[in-house]
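Since the structure comes first, as structure tokens, the remarks are kept for the end.
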Amino acid sequence: MNVLLVYPEFPDTFWSFKHALRFIGRKASSPPLGLLTVASMLPADWSKRLVDMNVEQLTDEDIARADIVMISAMVVQRSSAKEVINRSKRAGKRIVAGGPLFSAEWFRFSEIDHLVLGEGEVTLPQFLEDFEKGNPAPLYQASSYADLSATPIPAWELAKISAYESLSIQYSRGCPYNCEFCNVTALFGHRPRTKSAEQIVAELNTMYYDLGWRRNIFFVDDNFIGNRRQIKDEILPALITWRKGKIGCPFITEASINLADDPELISMMREAGFVSVFVGIETPLEESLRECHKSHNLHRDLLSSVRRLQQAGLQVMGGFIVGFDNDPPTVFKQQVEFIQRSGIVTAMVGMLQAPYGTPLYERLAAEGRLQAEISGDNTDGTTNILPKMGLNQLREGYQFILRELYNPRGFYRRIMTFLDHYVPPRIGVPIKGGEIKAFIKAIWELGIKGDERREFWHLLFRTLIKYPKKFVHAITLAIYGFHFRKVMQTNEISSTLRIP
């Protein structure tokens with residue numbers, strides 16, 4: 001059986017880092033972890049080929065050679081996924097699909113032969129058993145959550161590893177919180193389910209020894225510290241032991257802001273090799289936090305929490321939202337002021353959206369305040385809700401935020417604020433030819449051609465004089481800014497063409 005596993009293309013988004021990755025000759029941020037895990041669960045005698053359309057083209061010959069085309073996608077990949085489906089149907093191929101897009105919108109894909117929804121560890125074996133008997137059903141939906149102790153190591157041998165900036169690993173699924181706008185609990189539940197320390201170390205050994213990987217490793221958990229006891233008692237001690245004697249492989253993850261309340265946990269994460277964490281801050285306004293049930297962000301000095309993480313060697317990436325019912329007209333300036341003061345350079349600000357299956361979706365549907373389907377892109381200037389402040393005011397305020405945060409003056413000032421408070425961890429990452437080329441390209445693109453020439457050179461000389469050990473961070477963040485501005489410019493243009 002010849003199986004073609006296809007990962008559709010991402011549009012040019014905030015998190016694609018497409019414009020930044022070309023500085024170092026990489027094509028995508030990370031391989032499709034879900035599809036590679038599915039590949040490990042398929043029969044050993046099946047022939048498998050992966051085409052990640054973010055790093056290579058899907059050819060007609062690829063489709064022609066396949067007996068089965070398996071597709072996984074997120075909502076933001078909807079357009080490319082539909083193209084893959086249409087091409088496969090025209091070629092007369094059997095299509096099997098799963099992943100977040102199809103789990104949320106399965107009723108919109110009647111042309112797919114077999115929808116295998118929910119967690120693959122639960123539904124894929126059911127499909128394979130029926131397929132072997134010759135009577136696979138058109139729809140498989142999970143009635144339970146997966147036991148991650150049975151999750152295999154991804155089939156990394158199928159991926160073109162050199163095309164990526166980071167590899168991914170998943171320790172847990174599920175989140176103990178209930179943010180109204182978030183679909184994580186709808187997909188994975190409230191109780192964090194986890195892999196063992198032995199599983200995590202086995203996956204890391206595969207990356208480090210079998211693949212020779214020395215770059216970023218992203219723990220893709222929606223909340224890495226959801227099971228805090230196991231993290232502190234088992235996972236982090238195992239990571240600290242694994243880290244000894246190794247170079248490279250800095251860790252990145254996502255966590256709730258109350259990580260800042262636990263100095264012991266922060267210290268252990270730093271020792272284990274974590275260098276960056278994405279935090280859902282959403283808004284500095286307490287009424288809006290109460291509205292969306294973001295209880296763990298309440299009754300705290302958010303700015304001080306961010307500072308503690310930065311001073312401990314964790315670069316904070318932040319998620320922010322505007323468009324809550326309790327947002328006043330001043331929210332846009334307040335968001336800008338908070339983000340600038342925090343030194344959160346990678347600040348993803350989006351208009352509130354209501355994903356299918358979330359409490360927010362149900363509430364707004366009952367109020368008659370939903371419109372077009374969700375795009376899945378948090379920063380494209382669209383929303384599927386009718387905000388209380390009015391759609392025009394929300395859009396205008398959102399564009400104001402983007403202009404203030406990502407114009408060269410505001411962005412480079414934020415980098416300098418970050419460098420003033422950041423204490424980098426001691427993790428040796430080997431400098432290779434790609435990084436040297438990236439620096440030369442940055443000089444040309446940002447320091448000579450770019451509109452940010454003045455800000456770029458000021459940042460470089462200031463960093464060399466005050467913080468020479470942070471020089472690589474300064475260059476990296478400047479390159480990020482190049483990507484962010486490209487994306488924001490594209491979204492601003494497209495939003496003016498979009499019919500309300």
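Kindly indicate whether any position in segment 136-146 is in contact (Cβ under 8 Å) with a residue 40 or more places away in the chain, touching a Lys or Arg at 6+ places or on another chain (Cβ under 8 Å) and surrounded by fewer than 19 Cβ atoms within 10 Å (Cβ to Cβ). I'd like the intermediate steps shown before the answer.
Narrowing segment 136-146 to residues in contact (Cβ under 8 Å) with a residue 40 or more places away in the chain: 145-146.
Next, from what is left, pick out any that are touching a Lys or Arg at 6+ places or on another chain (Cβ under 8 Å): 145-146.
Next cut, surrounded by fewer than 19 Cβ atoms within 10 Å (Cβ to Cβ) only: 145-146.
Yes: one or more hits.
Please verify whether Gly25 is part of a helix (DSSP H, G or I), open to solvent by 30 Å² or more (accessible area, probe 1.4 Å) and among the small types (Gly, Ala, Ser), treating the condition exactly as stated. Full working, then the answer.
On the way: part of a helix (DSSP H, G or I): no; open to solvent by 30 Å² or more (accessible area, probe 1.4 Å): yes; among the small types (Gly, Ala, Ser): yes.
Against the criterion (part of a helix (DSSP H, G or I), open to solvent by 30 Å² or more (accessible area, probe 1.4 Å) and among the small types (Gly, Ala, Ser)), Gly25 does not qualify.
On the basis of being hydrophobic (A, V, I, L, M, F, W, C) and on the phi > 0 side of the Ramachandran plot, does Phe107 make the cut? Let's see the steps before the verdict.
Details: hydrophobic (A, V, I, L, M, F, W, C): yes; on the phi > 0 side of the Ramachandran plot: no.
It is false that Phe107 is hydrophobic (A, V, I, L, M, F, W, C) and on the phi > 0 side of the Ramachandran plot.
Have a look at Thr417, Thr383, Thr346, Thr330 and point out the one that is among the β-branched types (Val, Ile, Thr), modelled with pLDDT under 95 and either surrounded by 17 or more Cβ atoms within 10 Å (Cβ to Cβ) or over 22 Å from Ser16 (Cβ atoms) (or both).
So the residue among Thr417, Thr383, Thr346, Thr330 that is among the β-branched types (Val, Ile, Thr), modelled with pLDDT under 95 and either surrounded by 17 or more Cβ atoms within 10 Å (Cβ to Cβ) or over 22 Å from Ser16 (Cβ atoms) (or both) is Thr383.
Could we say that Tyr208 is of a type in the set (Ser, Thr, Tyr), touching a residue at least 12 places away in the same chain (Cβ under 8 Å) and open to solvent by 40 Å² or more (accessible area, probe 1.4 Å) here?
On the way: of a type in the set (Ser, Thr, Tyr): yes; touching a residue at least 12 places away in the same chain (Cβ under 8 Å): yes; open to solvent by 40 Å² or more (accessible area, probe 1.4 Å): no.
Against the criterion (of a type in the set (Ser, Thr, Tyr), touching a residue at least 12 places away in the same chain (Cβ under 8 Å) and open to solvent by 40 Å² or more (accessible area, probe 1.4 Å)), Tyr208 does not qualify.
Given the options Gly280, Gly350, Gly357, name the one that is touching a Ser or Thr at 6+ places or on another chain (Cβ under 6 Å), more than 21 Å from His473 (Cα to Cα) and not aliphatic (A, V, I, L, M). Talk me through it step by step, then tell me what you get.
Details: Gly280 fails: touching a Ser or Thr at 6+ places or on another chain (Cβ under 6 Å); Gly357 fails: touching a Ser or Thr at 6+ places or on another chain (Cβ under 6 Å).
Exactly one of Gly280, Gly350, Gly357 is touching a Ser or Thr at 6+ places or on another chain (Cβ under 6 Å), more than 21 Å from His473 (Cα to Cα) and not aliphatic (A, V, I, L, M), namely Gly350.
Would you confirm whether any residue within segment 148-158 is farther than 28 Å from Asn205 by Cβ and without any contact (Cβ under 8 Å) to a residue 60 or more places away in the chain? Steps first, please.
Our first condition is that a residue be farther than 28 Å from Asn205 by Cβ; within segment 148-158, this holds for none.
No, there is no match, as no residue in segment 148-158 is farther than 28 Å from Asn205 by Cβ and without any contact (Cβ under 8 Å) to a residue 60 or more places away in the chain.
From the list Glu83, Glu61, which one is outside any loop (DSSP other than H, G, I, E, B), farther than 30 Å from Thr253 by Cβ, open to solvent by 70 Å² or more (accessible area, probe 1.4 Å) and touching a residue at least 24 places away in the same chain (Cβ under 8 Å)?
Working: Glu61 fails: touching a residue at least 24 places away in the same chain (Cβ under 8 Å).
Going through Glu83, Glu61 in turn, the sole match is Glu83.
Count, please, the residues in segment 236-248 that happen to be under 19 Å from Leu167 (Cβ atoms) and either modelled with pLDDT of 95 or more or open to solvent by 20 Å² or more (accessible area, probe 1.4 Å) (or both).
Going through segment 236-248 one residue at a time, the tally reaches 6.
If a residue counts only when it is closer than 28 Å to Val487 by Cα, aromatic (Phe, Trp, Tyr) and more than 16 Å from the chain's Cα centre (by Cα), which helices (runs of 4 or more DSSP H) contained entirely in segment 242-358 have at least 1 such residues?
It comes to 331-342.
Can you name the number of the only condition in (1) in contact with a strand residue (DSSP E or B) (Cβ under 6 Å, 6 or more places away or on another chain); (2) not in a loop (DSSP other than H, G, I, E, B) that Ile231 fails?
Failing condition for Ile231: (1).
Among the residues of segment 147-177, how many are buried (at least 16 other Cβ atoms within 10 Å of the Cβ) and part of a helix (DSSP H, G or I)?
First, pick out the residues of segment 147-177 that are buried (at least 16 other Cβ atoms within 10 Å of the Cβ): 148, 151, 153-156, 158-159, 163-177.
Subset that is part of a helix (DSSP H, G or I): 148, 156, 158, 163.
Of the residues in that region, 4 qualify.
Which pairs turn up if I take residues in segment 293-316 that are on the phi < 0 side of the Ramachandran plot and look for partners that are of a type in the set (D, E, K, R) and buried (at least 23 other Cβ atoms within 10 Å of the Cβ) with beta carbon separation below 8 Å, at least 6 apart in sequence or on another chain?
Lys294/Glu282; Asn297/Glu282
Hey, could you check segment 1-22 for residues that are crowded, with 19+ Cβ neighbours inside 10 Å and of a type in the set (Phe, Trp, Tyr) and say which is farthest from Met207 (Cα to Cα)?
Among residues in segment 1-22 that are crowded, with 19+ Cβ neighbours inside 10 Å and of a type in the set (Phe, Trp, Tyr), the one farthest from Met207 (Cα to Cα) is Phe14.
Only one of (1) of a type in the set (Ser, Thr, Tyr); (2) under 23 Å from Val220 (Cβ atoms); (3) open to solvent by 10 Å² or more (accessible area, probe 1.4 Å) fails for Ser295. Which number is that?
(2)
Consider Val51 carefully, then state whether it is among the hydrophobic types (A, V, I, L, M, F, W, C) and assigned to a strand (DSSP E or B).
Numbers: among the hydrophobic types (A, V, I, L, M, F, W, C): yes; assigned to a strand (DSSP E or B): yes.
Spelling it out, Val51 is indeed among the hydrophobic types (A, V, I, L, M, F, W, C) and assigned to a strand (DSSP E or B).
Among the residues of segment 253-267, which ones are open to solvent by 30 Å² or more (accessible area, probe 1.4 Å) and not hydroxyl-bearing (Ser, Thr, Tyr)?
Within segment 253-267, the subset open to solvent by 30 Å² or more (accessible area, probe 1.4 Å) is 254, 261, 263-264, 267.
Correct list: Glu254, Asp261, Pro263, Glu264.
The values are calculated or read from the model by the stated rules, or taken from the named source; none is laboratory data. On a predicted model such as this, the values are computed, not experimentally measured, just so you know. A quick note on method: Cβ atoms are made from the backbone with ideal geometry, for glycine too, and the neighbour counts reach across all protein chains shown. Heads up: the accessible areas ignore ligands, DNA and RNA and are worked out on the full protein's heavy atoms, side chains in. Shrake-Rupley method; radii C 1.70, N 1.55, O 1.52, S 1.80 Å.
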